[in-house]
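Before any comments, here is the structure.
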Amino acid sequence: MRTFYMTFGCKVNQYETNCIEQLMTAEGFVTTNEYQSADVAVINTCTVTSSADSKCRQFIRKIAKENPSCIICALGCMTQTAKSADILPECAVIAGSRNKTALPSLIKRYIAEGERIFAVNTLDDNTIEPMCSKAAGSKTRAYIKIQDGCEMYCTYCAIPYARGKLSSKPLDEIKTEAKALIAAGHKELILTGINLCCYGRELKNGTRLIDAIEAVCTLEGDFRVRLSSVEPEMITKPDIERMVALDKLCPHFHLSLQSGCDKTLKAMKRHYDTDMYSELVENLRESFDNCAITTDIMVGFPGETAQDHEQALSFARQIAFADGHIFPYSRRKGTPADKMPQQVDKKNKHARALEMAKVISESREAFLASMVGKTVRVLFEKESSPLYHQGHSDNYTLVKIDRLSPETTLRRQMRDVKITSHDGSCCYGVLVQ
């Protein structure tokens, strides 16, 4: 049966969809990139914002309208929070966040019995769903999901309800998966999780994220390791000292800030303040050469005044991020923030998002300018046009060099490049022979 896959949301979801596709392929399902002619459509949902919910629903309705005979299957964060199958009447199969690997058998059951299936399990234990990604074609990088769940309960976030308790993949399984991906030719392994820094917390045996990082970085092979988003309060100075010793670890840290105003951080129930955040950034920059700090920033949180917003802008300027994702606060039913007074109106949230984006754009351009004259290690990913080879440096700067010839590819190669210029969005350079 021809099967179409669509992923909404984070890198963890992308990893899981890839694993599901591999399981489906092993069961005889054939992948197609066209939902209009698919027999089955698998939609991995996201519920991080109300907009994410809407996009998932709209896309599912689109498939149902354009391909009425398609067996539509929805699973993931949005479906996990559903009370019944009524949430998505167009779907034949609805699964949750931690029984995604059961999808092939659920689809076969639906085909055999013809009755809609609502298979959303409870999330009341610390068991991680066994899931392992194999080689994925000729991609340069591969994700390894090492952690699931979140128990931080930030006041704006629905993810703890959608992902459940903390769970961690055993170190030996992480190493086995990493070895297979390295052997398949992947040059960059990205460790990811719902709350990556909580890795090992529920194990009660002292295992922590730094142990998982070391386990992968010390494997043999020509590859490098990158971390996905990490929480600022969970990286200690001893952790940094151990990370610096790992040659394969990329000096790029995506530290989720959310707000540069301490009053707002407290209302969000974040577990750090701006002093802690700036101290961590300083420690990372002192420890890693050419270190890049990127972030997520929310604007328009309930109770955020114009003065609070100005403080957040000032802090963002102070940190001088290499890049950042800016988004307005989105109300989520069932979270404390949804019931907070002084909700910021849509117009002000939009204006504040534009102001914050301008600050981040300015610091990104300054960061790119600081790269000029430096020699960096670039993993080439593709030929972006007849003119350029394109890839990312270890600190995740997009780098382009003149194409050596129309027939030449540098894909999956790591080469030293001297940066000669930038255009505000990427850097340009020349190979160092």
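Take Ala292 and decide whether it is outside the structural domain of Ser393 (by TED's automatic domain parsing) and either on the phi > 0 side of the Ramachandran plot or out of contact with any strand residue (DSSP E or B) (no Cβ under 8 Å at 6 or more places or on another chain) (or both). Step through it out loud before you land on a result.
Values: outside the structural domain of Ser393 (by TED's automatic domain parsing): yes; either on the phi > 0 side of the Ramachandran plot or out of contact with any strand residue (DSSP E or B) (no Cβ under 8 Å at 6 or more places or on another chain) (or both): no.
For Ala292, the condition - outside the structural domain of Ser393 (by TED's automatic domain parsing) and either on the phi > 0 side of the Ramachandran plot or out of contact with any strand residue (DSSP E or B) (no Cβ under 8 Å at 6 or more places or on another chain) (or both) - is not met.
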Practice item. Considering each residue of segment 171-229, count those that are surrounded by fewer than 16 Cβ atoms within 10 Å (Cβ to Cβ), among the charged types (D, E, K, R) and in a loop (DSSP other than H, G, I, E, B), and give that number. Key: 3
Revision key, fill the gap. Checked segment 376-415 for anything under 24 Å from His254 (Cβ atoms) and of a type in the set (S, T, N, Q); matches are Ser384, Gln390, Ser393, Asn395, Thr397
Study note, to complete from the structure: Filtering helices (runs of 4 or more DSSP H) wholly in segment 37-149 for at least 2 residues that are surrounded by 20 or more Cβ atoms within 10 Å (Cβ to Cβ), more than 21 Å from the chain's Cα centre (by Cα) and not assigned by TED's automatic domain parsing to the domain that holds Leu203 gives 50-66, 103-113
Review point. If you go through segment 213-227, how many residues are farther than 15 Å from Ala184 by Cβ and free of Cβ contacts under 8 Å to residues at least 60 places away in the same chain?
Key: 7
Review point. Quick check: is even one residue across segment 257-272 buried (at least 16 other Cβ atoms within 10 Å of the Cβ), within 20 Å of Cys10 (Cβ to Cβ), in contact with a Leu (Cβ under 8 Å, 6 or more places away or on another chain) and of a type in the set (Lys, Arg)?
Key: no
Review point. Of Arg364, Arg352, which residue is more than 23 Å from the chain's Cα centre (by Cα), crowded, with 16+ Cβ neighbours inside 10 Å and among the charged types (D, E, K, R)?
Key: Arg352
Check your understanding: Is it true that some residue in segment 2-21 is out of contact with any Phe, Trp or Tyr (no Cβ under 7 Å at 6 or more places or on another chain), over 27 Å from Arg331 (Cβ atoms) and aliphatic (A, V, I, L, M)?
Key -> yes
Practice item. Considering only segment 404-433, state which residues are farther than 30 Å from Ala366 by Cβ and either among the basic types (Lys, Arg) or buried (at least 19 other Cβ atoms within 10 Å of the Cβ) (or both). Key: Arg411, Arg412
Check your understanding: Is at least one residue of segment 334-342 at pLDDT below 95 and in a loop (DSSP other than H, G, I, E, B)?
Key -> yes
**Study point:** Criterion (among the polar types (S, T, N, Q) and either under 21 Å from Cys154 (Cα atoms) or crowded, with 19+ Cβ neighbours inside 10 Å (or both)) met by exactly one of Gln307, Gln318, Gln390
**Key:** Gln390
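The values are calculated or read from the model by the stated rules, or taken from the named source; none is laboratory data. Keep in mind it's a predicted model, so treat the numbers as computed, not measured. Methodologically, a virtual Cβ is constructed for each residue, glycine included, from the backbone with ideal geometry; neighbour enumeration extends over all protein chains shown.
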